[in-house]
1. Given the conditions (1) loosely packed, with under 13 Cβ neighbours inside 10 Å; (2) at pLDDT below 90; (3) not in a loop (DSSP other than H, G, I, E, B), report the number of the one that residue 2 does not fulfil.
2. Enumerate the pairs (first residue in segment 68-80 and more than 30 Å from residue 2 (Cβ to Cβ); second residue anywhere and modelled with pLDDT under 85 and not polar (S, T, N, Q)) with beta-carbon separation below 7 Å, excluding pairs fewer than 6 apart on the same chain, so at least 6 apart or on different chains.
3. Among the residues of segment 31-42, are any more than 14 Å from residue 5 (Cα to Cα) and among the acidic types (Asp, Glu)?
4. Considering only segment 51-63, I want to know if a residue exists there that is modelled with pLDDT of 85 or more, assigned to a helix (DSSP H, G or I) and within 20 Å of residue 3 (Cβ to Cβ).
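The values are calculated or read from the model by the stated rules, or taken from the named source; none is laboratory data. Keep in mind that what you see is a predicted model, and the values were worked out from it rather than measured. Here Cβ is always computed from backbone atoms with ideal geometry, including for glycine, and neighbour counts include all displayed protein chains.
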Amino acid sequence: MALVSMDVSEAEAAPAYNCCPTIYLTEDQVEALGLKANPPAAGASVGLRAIARVISKSENADLDGDGDGIDVCITLQITDLEVTPGAMSSSSAAGALYGNS
């Protein structure tokens with residue numbers, strides 16, 4: 001399966017912000033990803049492949065004391081997404097990201 005656009009109308013966009021990385025898929029997005037007929041069970045692991053746009057970046061003085069000088073936060077907007085059953089092993093994930101060596 002190829003990457004599928006995750007573009008939603010303003011009415012569908014969730015205004016709530018959660019500091020923990022979370023992806024909420026609307027009913028239409030679930031259908032577009034081919035998951036409606038056989039959705040993964042709650043608690044199941046799935047593989048993800050995504051393309052995202054950086055929509056904000058902030059830099060602040062290091063206040064947590066880890067000594068790196070600047071804390072950087074980035075907000076990403078997922079524009080395209082693919083979901084596959086089962087989680088990718090760490091070795092195959094590394095190969096997908098960095099190539100097999």
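1. (3)
2. 68/62; 69/62; 70/62; 71/62; 71/64
3. Kept after step one, since they are more than 14 Å from residue 5 (Cα to Cα), are these residues of segment 31-42: 35-42.
Pick out the ones that are also among the acidic types (Asp, Glu) and you get none.
Among the residues of segment 31-42, not one is more than 14 Å from residue 5 (Cα to Cα) and among the acidic types (Asp, Glu), which makes the answer no.
4. Filtering segment 51-63 for residues modelled with pLDDT of 85 or more gives 51-61.
Imposing the further condition that a residue be assigned to a helix (DSSP H, G or I) reduces the set to none.
Within segment 51-63, not a single residue is modelled with pLDDT of 85 or more, assigned to a helix (DSSP H, G or I) and within 20 Å of residue 3 (Cβ to Cβ).
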